[in-house]
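The values are calculated or read from the model by the stated rules, or taken from the named source; none is laboratory data. Please read these numbers as outputs of a predicted model, since none were measured by experiment. Reconstructed Cβ throughout: ideal geometry from the backbone, glycine too, with neighbour counts over all protein chains shown. Accessible surface is based on the protein model in full, side chains and every heavy atom, while ligands, DNA and RNA are left aside. Shrake-Rupley method; radii C 1.70, N 1.55, O 1.52, S 1.80 Å.
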Amino acid sequence: MTRPFFFWLVLVLVFPASSPAASACPKLQEPAVKARLVELEKAVRFHNELYYQHSKPVISDAEYDRLYAELVSLEGCFPKLASFNSPTRQIVGDSTQETLTLRHEPPMLSLTSSVGPDAIEALFARASAQENRITLLVQPKIDGLPVELVYHSGKLVSAATRGDGRMGAEVTRVALQIPGIPQELSGSYPVRVAVRGEIYADRGLMSKAASAKKYATPRHFAAATLKAGDPATDAIAALRLFPFELVDADSLPGLTTDSAALRALEGWGFPIRHELTRPVQTLNEVECEYRRYLAGRDRLEFAADGIVAKVDDLALRRSLGSGARAPFWAAAWKFPSETATTTVRGIRWQTGRTGRRTPVAELVPVTVAGVRVTHVSLQNAQTLQRLGVAAGDRVVIALVGDIIPQIAAVEHSKKESAGNQPDMTVPEADPTACLTDTPGCRDQFLARAAYFTSSRGLDIGGLGPGQLRRLVEAGLVKDLPSLFRLTSEEMAVVPGMGRRSAEQLAAALRRASRPEPWRLLTALGIQGIGPATARRLVGKYPSIERMLSCRQEAAERREALQKVCSFFESREGRALLKGLREAGLL
């Protein structure tokens, strides 16, 4: 019997094939290796930033793992060409916009992971090379925020996020309020105790918190609550701790296994969930645990994106050691993305903040992992051409990073009519189009203004897309500089604003009216100029004015600087530059 298309797709997604280990290094010339290493490093850093710092991934975990694995492989084959600051030698974490104040000793590392059993198989191979019979502990990979809690003489004295792995942001005040985290230890304990665990949101309790709807996932909710200066009481009440490690447990008398360390933590008052920690001896047993958690992931009270397997014997852990980025005694097996199938209604072209046109697939609404999806960005014309998706096609939708919908596969409609073929014609893009609210430009100008005021731009708190649209429709905001000429009196009469919100917004605009040059440059949405590029440019040219005085250098040597100069040399760019000067932003 022939299996239908979607059967095989789901089979591949849920039970991905193991990638065979490379039998030999690629035969490449040194220039080609250098170029590929630079390309891979840039891609891995970019996706690390989107995931950990902005919570906006644009590729799946599997795609990221493939990029990272290729980088590791090439560096292993050509160690002399590996960069000393390669992302493979760094601990990734959510350190952006945090003040990193507390040191972790030893560093809080990431985990080697794979969508498939590869990472677990490698763990078994490493451990089995040193011991004939090994025991691993399997736990769910909870999708929360890693923290370290430090106790002196039994009292909680500090709590810190993982940060960059070596330094974390202090969150002690909030941690002291989270149910289940002991403020004082019980029983007999050492003078200093350091415990690491995952702060997560209980999904049932999170649904009762007033602020929950603002966050895309339980992880985002937990991270925002933990890092907030003054979080709401109902938000804190939804947080819980999953302790997973007693730091330096092997230095304490009588503790030889992680299992014993977890029992010690339980005796000191920590909420240890023994039913979520299973000892296993074989890969088949790990696979059984993986399938059990995968089948029941929707029934868990926390968000989980896989399982973690770690060596139980502490002496073996010490012998296996750790790398710069991850321990060699633990690994993770990630879940595949959840999927759903639906039909494409049509393809439209959407103009974004930089003037770039993006194809968007309009869908018959479908729910994926609790998220209602009505449309999916196809990123660019190349993606549209590769997928060949058109109206009437059946498609599989997956969520990248549990947030962003993406077409995972296409089953083309049998209709052969010309009307069913995708429109591959890319509308011409103008990087300086619609810098003002003029006829035909309303949606694109709103997209530019939303980015300009967002957290990735000037971070003007309280100015959401709805308020921004109302201000534009009221004729109060005609270009970006006009935002800084707004008064609370003008805004208070706009429907849906009110006096108090108008005063708060006016204050936020005043605070944002003296931005750092790199932040202003980023906020303008110049194509190819993101935060990292803007910082580099400002490091050499301290202001936008200084950049524009270096046109000859831009033409000769610096592509990014040339983009900035070209942007401001257009008629629309010159008008924007004049407005920024008059508003005092330069």
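Extension gain, Ala129-Ser251: 0.36 nm per intervening residue step, less the Cα-Cα distance, totals 41.5 nm. When the Cα gyration tensor is reduced to axis lengths a ≥ b ≥ c, the ratio a/c is 1.5 or higher for the range 435-559, and with a/b above b/c it is classed as prolate. Counting charges near Thr277 (Lys, Arg +1; Asp, Glu -1) among other residues having Cβ under 14 Å from its Cβ returns a value of -2. Working from Cα pairs under 8 Å separated by at least six residues, relative contact order for the range 65-218 is 25 percent. Averaging the sequence gap over all C-alpha pairs within less than 8 Å and six or more residues apart, then dividing by the number of residues, gives the range 451-515 a relative contact order of 32 percent. For the range 105-151, the set of trypsin sites (Lys or Arg not before Pro) satisfying both a DSSP loop assignment and a count of at most 11 other C-beta atoms within 10 Å is given as Arg133.
Take Cys550: with every protein chain present and a 1.4 Å probe, its accessible area is about 10 Å². Quick check: net charge around Leu314, other residues with Cβ under 14 Å of its Cβ, Lys/Arg +1 and Asp/Glu -1? Surrounding charge for Leu314 is -3.
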